[in-house]
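Please read the structure below before turning to the comments.
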Amino acid sequence: MKRILTSFCIVFMMMFNVPDPSFANVGTLIDCDKSPAFTKRLNASVKKLEGRLAKYEAGTPPALALEQQINQTKTRFSNYADSGLLCGADGLPHLVTDGDWAHAPEIIVPGCIFLYTTGWIGWAGRKYVQTVAKTSNPTEKEIIVDVPVALNIMFAGYLWPVAAWGEFVSGDFVAEPEDITVSPR
């Protein structure tokens, strides 16, 4: 009876204590192309470069390099302004992660690239350790990396999700419990 009453109380409390969903307040952020601070940053960057450019004669290699840098700066700021990013009071673009699908590419694409890259590095490292474990002196090859073997494994590891799934399905991905050493307590 006590267990039933406790369960009922827990369910009752869960029904009425549901937290309200909260959303990020993007009210302080505005489009970068409309942000005065963003425009001020652009003008300050260009003015700084133009100040350096004034020290050189036109057509000299340093002057040409600075002109190119000015054009790259203007292009970068233009790309930020045209991309739909939101800028804060500091004039810098901010990533918004409030669940709004309009801002999803700002986080999802870099996040997926990060996960793929870290998985690739981990997969190549795991495969290297497994490969050198079968050689005559594996401890030495873990300390002094056999670069040709490591590069072959690394370049072959770009399809690591497919290889990982294949090993998971075949049962080779996870070690058996008896193969895992446990320290005595």
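The values are calculated or read from the model by the stated rules, or taken from the named source; none is laboratory data. What you see is a predicted model; the values in this text were computed from it and never measured. Please note: Cβ atoms are built from the backbone with ideal geometry, for glycine as well, and neighbour counts cover all protein chains shown.
For ALA89, the requirement of being among the aliphatic types (A, V, I, L, M) and outside the structural domain of ASN43 (by TED's automatic domain parsing) is not met.
In segment 103-118, the residues that are closer than 16 Å to LEU159 by Cβ reach residues that are at pLDDT 90 or above and of a type outside the set (Asp, Glu) with C-beta atoms within less than 9 angstrom, at least six apart or across chains, in these pairs: TYR116/TRP160; TYR116/PRO161. If the condition is being surrounded by 13 or more Cβ atoms within 10 Å (Cβ to Cβ) and free of Cβ contacts under 8 Å to residues at least 12 places away in the same chain, then segment 139-150 contributes only LYS141. For VAL169, are the conditions met, namely being farther than 30 Å from LYS34 by Cα, among the β-branched types (Val, Ile, Thr) and within 26 Å of the chain's Cα centre (by Cα)? For VAL169, the condition - farther than 30 Å from LYS34 by Cα, among the β-branched types (Val, Ile, Thr) and within 26 Å of the chain's Cα centre (by Cα) - is not met. Annotation note: of PHE173, PHE155, the sole residue that is closer than 25 Å to CYS112 by Cα, part of a helix (DSSP H, G or I) and not small (Gly, Ala, Ser) is PHE155.
The set of residues in segment 95-110 that are assigned to a helix (DSSP H, G or I) and surrounded by fewer than 11 Cβ atoms within 10 Å (Cβ to Cβ) comprises TRP101, ALA102, VAL109.
Taken over segment 27-71, the criterion of being among the polar types (S, T, N, Q) and assigned to a helix (DSSP H, G or I) is satisfied by THR39, ASN43, SER45, GLN68, GLN69, ASN71. Restricting segment 55-84 to residues that are among the hydroxyl-bearing types (Ser, Thr, Tyr) and surrounded by fewer than 12 Cβ atoms within 10 Å (Cβ to Cβ), the residue that is nearest to the chain's Cα centre (by Cα) is THR75. Considering the conditions (1) in a helix (DSSP H, G or I); (2) at positive phi, GLY91 is excluded by exactly one of them, (1). Taking segment 160-185, which residues are surrounded by fewer than 11 Cβ atoms within 10 Å (Cβ to Cβ) and either in contact with a Phe, Trp or Tyr (Cβ under 9 Å, 6 or more places away or on another chain) or modelled with pLDDT of 90 or more (or both)? Answer for segment 160-185, where residues must be surrounded by fewer than 11 Cβ atoms within 10 Å (Cβ to Cβ) and either in contact with a Phe, Trp or Tyr (Cβ under 9 Å, 6 or more places away or on another chain) or modelled with pLDDT of 90 or more (or both): VAL162, VAL169, SER170, VAL174.
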